[in-house]
Amino acid sequence: GESVGLHLPTLSVQEGDNSIINCAYSNSASDYFIWYKQESGKGPQFIIDIRSNMDKRQGQRVTVLLNKTVKHLSLQIAATQPGDSAVYFCAENGAGNQFYFGTGTSLTVIP
Amino acid sequence: EAGVTQSPTHLIKTRGQQATLRCSPISGHTSVYWYQQALGLGLQFLLWYDEGEERNRGNFPPRFSGRQFPNYSSELNVNALELEDSALYLCASSSATGGKFQNIQYFGAGTRLSVL
């Protein structure tokens with residue numbers, strides 16, 4: 001039968017370079033956002049979160065930027081390593097405890 | 001401390017059969033969420049249980065159902081399986097006591113359901 005291609009946006013970076021993964025969210029009322037990393041064969045793993053009263057939050061080698069004006073979120077990974085190769089999802093939480101996940105971006109780190 | 005555990009890891013069924021997937025949340029977590037992840041796609045929200053009650057469900061037909069037990073573990077049932085139900089089914093748990101901004105969902109490794 002016909003094979004179905006991946007729907008994921010992809011990003012390839014050289015080891016040691018910085019990576020920027022972007023996410024557009026849909027609900028202007030969303031006030032809490034999380035980035036997840038999903039390695040092959042595993043469930044999504046929490047990376048970093050940010051509330052809507054912040055524009056920037058830093059973790060270990062990762063920074064999340066939030067632009068509420070254009071409903072845009074980005075994840076910056078410094079000095080990208082082969083272990084960073086994975087699919088990255090942003091999730092937005094508007095009302096209640098329900099999160100809505102983006103399609104994801106597949107990051108490949110080239111040694 | 002054990003994370004979210006799901007069983008079985010893989011499940012193979014034929015069209016029309018029923019599938020039952022199980023999830024044990026992190027100890028102390030009362031909320032359980034189910035998601036469907038078709039190959040190469042994002043996570044589609046299925047169901048949310050908290051304190052034994054269904055709190056919300058996504059845009060899926062009624063043949064997708066589940067329940068949460070008194071020990072907060074959960075079961076997802078899919079009746080009358082169709083080929084397009086083939087996907088990775090992920091379970092996540094969170095603690096409702098921390099408030100919305102501590103409501104991080106922690107995921108299991110998933111159950112890979114294949115419908116032939």
**Asked** If you go through segment A:25-32 one residue at a time, do you hit one that is out of contact with any His (no Cβ under 8 Å at 6 or more places or on another chain) and facing chain B (nearest Cβ under 10 Å)?
**Response** yes
**Message:** Taking the criterion of being within 9 Å of another protein chain (Cβ to nearest Cβ) and closer than 23 Å to A:Ser40 by Cα, would at least one residue in segment B:11-33 satisfy it?
**Reply:** yes
**Request:** Can you work out which of the residues in segment B:44-59 that are more than 13 Å from the chain's Cα centre (by Cα), outside any strand (DSSP E or B) and not polar (S, T, N, Q) is farthest from the other protein chains (Cβ to nearest Cβ)?
**Result:** B:Gly52
**Fill in**
Within segment B:34-43, the count of residues that are closer than 19 Å to B:Ile104 by Cβ and more than 8 Å from chain A (Cβ to nearest Cβ) comes to 2
**Filter result (touching a strand residue (DSSP E or B) at 6+ places or on another chain (Cβ under 9 Å) and of a type in the set (Ser, Thr, Tyr)) within segment A:60-88** = A:Thr63, A:Ser74, A:Thr80, A:Ser85, A:Tyr88
**Prompt:** If a residue has to be in contact (Cβ under 8 Å) with a residue 12 or more places away in the chain and at the interface with chain B (Cβ under 7 Å from one of its Cβ atoms) to count, how many in segment A:40-65 make the cut?
**Reply:** 4
**Fill in**
When segment A:46-98 is checked residue by residue, the ones that are polar (S, T, N, Q) and within 11 Å of the chain's Cα centre (by Cα) are A:Thr63, A:Ser74, A:Gln76
**Request:** Check off (1) assigned to a loop (DSSP other than H, G, I, E, B); (2) surrounded by 13 or more Cβ atoms within 10 Å (Cβ to Cβ) for A:Ala29 and give me the number that stays unchecked.
**Result:** (2)
**Message:** Looking only at strands (runs of 3 or more DSSP E) that lie completely in segment A:32-107, which have at least 1 residues being of a type outside the set (Lys, Arg) and closer than 25 Å to B:Arg57 by Cα?
**Reply:** A:32-38, A:45-51, A:86-93, A:99-101
**Fill in**
Taking segment B:7-46 and keeping residues in contact with a Gly (Cβ under 7 Å, 6 or more places away or on another chain) and under 17 Å from B:Ser65 (Cβ atoms) leaves B:Cys23, B:Trp34, B:Gln44, B:Phe45, B:Leu46
**Message:** With the requirement that a residue be among the aliphatic types (A, V, I, L, M), free of Cβ contacts under 8 Å to residues at least 60 places away in the same chain and surrounded by 14 or more Cβ atoms within 10 Å (Cβ to Cβ), what does segment A:66-93 give you?
**Reply:** A:Leu66, A:Leu73, A:Leu75, A:Ile77, A:Ala86, A:Ala91
**Request:** Being away from chain A (no Cβ under 12 Å) and either within 16 Å of the chain's Cα centre (by Cα) or of a type in the set (Gly, Ala, Ser) (or both) narrows it down to one of B:Ala109, B:Ala92, B:Ala80, so name that one.
**Result:** B:Ala80
**Complete:** From the option list B:Ala92, B:Ala2, B:Ala38, single residue qualifying as surrounded by fewer than 17 Cβ atoms within 10 Å (Cβ to Cβ) and farther than 15 Å from B:Arg112 by Cβ is B:Ala2
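Here, each number is a calculation from the coordinates, and none is a lab measurement. Because the structure is predicted, anything quoted here is derived from the model rather than measured. Cβ coordinates were reconstructed from backbone atoms using ideal geometry, including for glycine residues, and neighbour counts include every protein chain displayed.
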